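Accompanying notes for the structure given below.
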Amino acid sequence: MYRYILCIGICAVIWTVNGIWLRQAIRERITSEIYIHTGLGIFFSLLALELTLGTFKLWARLDIFWLEVIGLVLYIPSAYLVAASMHALKHKGRPKTADPTATTTFIDTGVYDIIRQPMTLGTAIWSIALILVFQSILSIILGVLAIFCFWMSARKESEYNIKKFGNKYKAYMKRVPMWNFFKGLRK
């Protein structure tokens with residue numbers, strides 16, 4: 001019984017905190033932020049459900065070892081992409097608020113010289129990793145929903161950045177791919 005209460009409590013905290021960001025994004029009509037925070041809510045709910053209830057075999061898991069290993073290995077690039085993008089946004093983007101994503105400066109160096117949306121790519125890869133590690137129907141459904149939200153966020157963020165940075169961002173879009181890391185490395 002305590003597992004259910006713990007899971008409900010964790011999910012309530014996730015959606016309460018995320019709800020604050022969602023409400024702000026809705027108020028400001030920033031579609032990319034609505035998608036990213038919905039995706040993060042789904043992502044962290046998946047993590048909470050699988051770690052609190054799924055580990056007790058409440059639903060079927062495939063437990064294919066090599067898929068779990070691939071999933072665990074995918075944590076490395078996903079963590080790098082998220083951390084590198086947050087670092088760049090915080091230190092080079094000159095945000096005026098505590099939110100490091102509210103940049104005032106256009107960034108096209110570091111990881112942003114390889115891909116335009118490293119944070120959403122990192123969270124999408126992390127969602128794939130969770131699907132591979134947990135291997136349940138629940139993880140597939142919630143993981144795919146989270147990936148879709150992150151992809152939509154990346155697409156809408158490009159529209160938002162065109163309004164924010166103008167032609168400079170359009171030229172950047174032609175030069176740097178949205179999520180194709182390998183194409184970004186080749187250029």
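What follows draws every value from the coordinates through simple rules; no lab data is involved. For clarity, every value in this text was computed on a predicted model and none was experimentally measured. No Cβ is skipped: glycine too gets one built from the backbone with ideal geometry, and neighbour counts run over all protein chains shown.
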For the stretch 84-176, the fraction of alpha-carbon pairs in successive 5 Å shells from zero, as %:
3, 14, 19, 22, 17, 11, 8, 5, 1
Could you work out, for the stretch 2-186, what percent of all Cα-Cα pairs fall into each 5 Å distance bin, beginning at 0 Å and stopping at the bin that holds the largest distance?
1, 8, 14, 19, 19, 15, 10, 7, 4, 1, 0
Distance between modelled label sites at Arg175 and Trp59, nm, 7 Å Cα→Cβ extension:
4.5 nm
For the stretch 151-167, what does the Karplus curve 6.51 cos²θ - 1.76 cosθ + 1.60, with θ = phi - 60°, yield as ³J(HN,Hα) per residue in whole Hz, taken in order and with x for Gly and Pro?
5, 4, 4, 4, 5, 6, 5, 4, 4, 4, 5, 5, 5, 6, 10, x, 5
Neighbour-count ranking for Lys156, Lys57 (other C-beta within 10 angstrom, fewest to most) reads Lys57, Lys156
As a quick test, which of the pairs Lys57/Lys90; Lys156/Lys183; Lys163/Lys183 have an alpha carbon distance above 32 angstrom in this structure?
Lys57/Lys90
Dipole magnitude of the stretch 2-186 about its Cα centre, charges +1 at Lys/Arg Cβ and -1 at Asp/Glu Cβ only, in debye to the nearest 20?
780 debye
Among Leu142, Leu81, Leu6, which comes first, second and so on when ranked by fewest other beta-carbon atoms within 10 Å?
Leu6, Leu142, Leu81
Rg/Rh for the stretch 135-176, where both radii come from Cα atoms and Rh is the Kirkwood radius:
1.26
Whole angstrom only: what separates the Cα centroid of the stretch 1-39 from the Cα centroid of the stretch 139-187?
22 Å
Give the relative contact order (percent, whole number) for the stretch 44-187; include only Cα pairs under 8 Å separated by 6+ residues.
28 percent
Anchor Lys92: aspartates and glutamates whose Cα lies under 20 Å away (excluding residues fewer than 8 positions away in-chain)
Asp108, Asp113, Glu157
So what J values fall out for the stretch 172-183 if you push phi through Karplus, 6.51 cos²θ - 1.76 cosθ + 1.60 with θ = phi - 60°, rounded to Hz, Gly and Pro as x?
4, 4, 6, 8, 10, x, 5, 10, 7, 4, 5, 5
What order, most packed first, do the peptides 13-26, 33-46 have when packing is the mean number of other Cβ atoms within 10 Å of each residue?
33-46, 13-26
